[in-house]
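Nothing in this text is a laboratory measurement; each read-out follows from the coordinates by a stated rule. The model shown is predicted, which means the values in this text are computed figures rather than measured ones. All Cβ positions, even for glycine, are placed from backbone atoms using ideal geometry, and neighbour counts span all protein chains on display.
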Amino acid sequence: MKGLASLLLGLVLWAPSALAQAPRPPQFVLLAFDGSLNLDMWRDTLAFARANDVRFTYFISGVYFLLDGQRERYVEPTHGPGHSNIGFGGASPAELRERVARVNEAHATGHEIASHVNGHFDGTRWTLAEWQSELEQFPRLVFGVGSNNGLTDPPVAAYAFAPETIRGFRAPLLGHNDAMYQALAAHRYSYDTSKTSPPGYWPERRDGIWNFPLAELRIAGTGKRTLSMDYNFYFAQSEGKPDPAHAAEYRDEMVRTYLAYFASSYVGNRAPVHIGHHFSRWNDGAYWDAMQEFARTVCHLPEVRCTTYRELEAFLEQLPDGARKAYARGEFDKSEFPEAATALARAERGIEADLLLAGSTRTSLVKATVSGADAQRLTAGHGARTVWRIDGVTVARGKERSLDLRSYRSMLSKDSRVSVSVERRGREVLKATHLIEPAGRGFRLSETPDEFGALSGDHPDAHRAESH
């Protein structure tokens, strides 16, 4: 990691005269959290921000401002009263009071409070009326915390800001639809972070709502796809299961991936960098540690703003539309961009390759195919090998790109999975896992591999782990 830090430090060697002349946009870095239950994470994130002069956006969940005994006050639009995918605010009035105090502290010290609404259910099929119900309940739960929970003696501290100051939104599970955007506009939200895009996207506003998407990335040194969100790394790296033995490796991969993402924007078209985390410490805190190292490395480089979505929105609001489009095309002076940053962006990129499994109901043969620009480089050479597993048990290892399932019929059950990994120099760089079931004379594979879960929104487990 010292080599990476040295390369990034080279970015500070900008000539002052060039800075004065360069009509470049600043490099926005948006560091955000989904969650609001875990008090330790409130304390730690606020302390880190103070020590490093960064600003976070906190997408808070309304149900965490209801004590467990008051859960019936929340009516989930499709499941009814008292249902939440992520639990409620616990049984302790003292902890609930502190949660309110931490929200106030965050706002008072320059952070942004935004909405992750309430029960963390997938709203992709919700109607307009259901979305409106969810949005209307959010301020009642958050700002009615005292009366909702009977915290009157002494009364809970009042918020230092009003409900209408909450302008930002992230849908649970990133589950969005047209009805959601209609409801957001009706409730005067001004930006949404529920979509994804490749790096390099400059925000656009549609129907009054700015689109601030998470980034679709490949983990550094691998072809594994993920989003710029900690739970998605957790899923891609350890299948969403604890693996603290490899925490240092996972942390290093996230830091290098984030640095590559940053550098590609910083020396590219300066598109905002979007990173979303949770109030959870999976894999021995690897992802929270990685975010801290990333922020310490980049946030004080020239022309970088590690700040809130509201500040990004304010910057965009004052830009002529032509200027924003020119930025998206990279049409600004880059003459003083240091070579070190360009080298970092190139050296730290992920591998452009994908692994696909295919089978047929007419045969028991399952075939693996590696495709993409880096496929040949990835699979060639002495250090490359293919590993086949059934339900996690290794059944073949070598160069074979196909597996005859007839030889392993005794191992298979109705819920069995077959997986194939590509390893290079002992490191797993690609993997595809499918559910298999008998069909005809052969087997049928599930339509999509399990690994696609790393490209979906934050699972409710991302929040349930907050209290662990």
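Quick look at the values:
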item: Distance histogram for the range 354-450 (every C-alpha pair counted, 10 angstrom bins, percent rounded to whole numbers); result: 16, 52, 26, 6
item: Karplus (6.51, -1.76, 1.60) ³J(HN,Hα), θ = phi - 60°, over the range 236-252, in Hz, Gly and Pro reported as x; result: 5, 8, 10, 6, x, 10, x, 8, x, 4, 10, 4, 4, 5, 5, 4, 4
item: Neighbourhood net charge (14 Å Cβ-Cβ; Lys/Arg +1, Asp/Glu -1) for F143; result: +1
item: Cβ-based exposure ranking for H434, H300, H83, in which fewest neighbours within 10 Å come first; result: H300, H83, H434
item: For A220, distant residues with modelled amide H under 5 Å away; result: T257
item: Amide proton proximity set for F28, modelled H, under 5 Å, gap of 5+; result: V273, R305
item: Relative packing of 231-239, 291-299, 382-390, which averages over residues the other C-beta atoms within 10 Å, highest first; result: 231-239, 291-299, 382-390
item: Of (i) 23.8, 73; (ii) 20.5, 60; (iii) 23.5, 81, the label for Rg and Dmax of the Cα atoms in Å derived from the coordinates; result: (i)
item: Stokes-Einstein translational diffusion, the range 153-217 - Kirkwood Rh over all Cα pairs, 1.002 mPa s, 20 °C, in µm²/s; result: 159
item: Bridge type composition, the chain - antiparallel percent by DSSP, nearest 5; result: 60
item: Sequence ranges 151-162, 166-177, 437-448, 254-265, ranked by mean other-Cβ count within 10 angstrom, highest first; result: 254-265, 166-177, 437-448, 151-162
item: Table column - 3J(HN,Hα) (Hz), the range 406-413, Karplus curve with 6.51, -1.76, 1.60, x for Gly and Pro; result: 4, 6, 10, 4, 5, 8, 8, 10
item: At most 16 other Cβ within 10 Å, DSSP loop - trypsin sites (Lys or Arg not before Pro), the range 19-127; result: R125
item: Relative exposure of T308, T394, judged by other C-beta atoms within 10 Å (fewest first); result: T394, T308
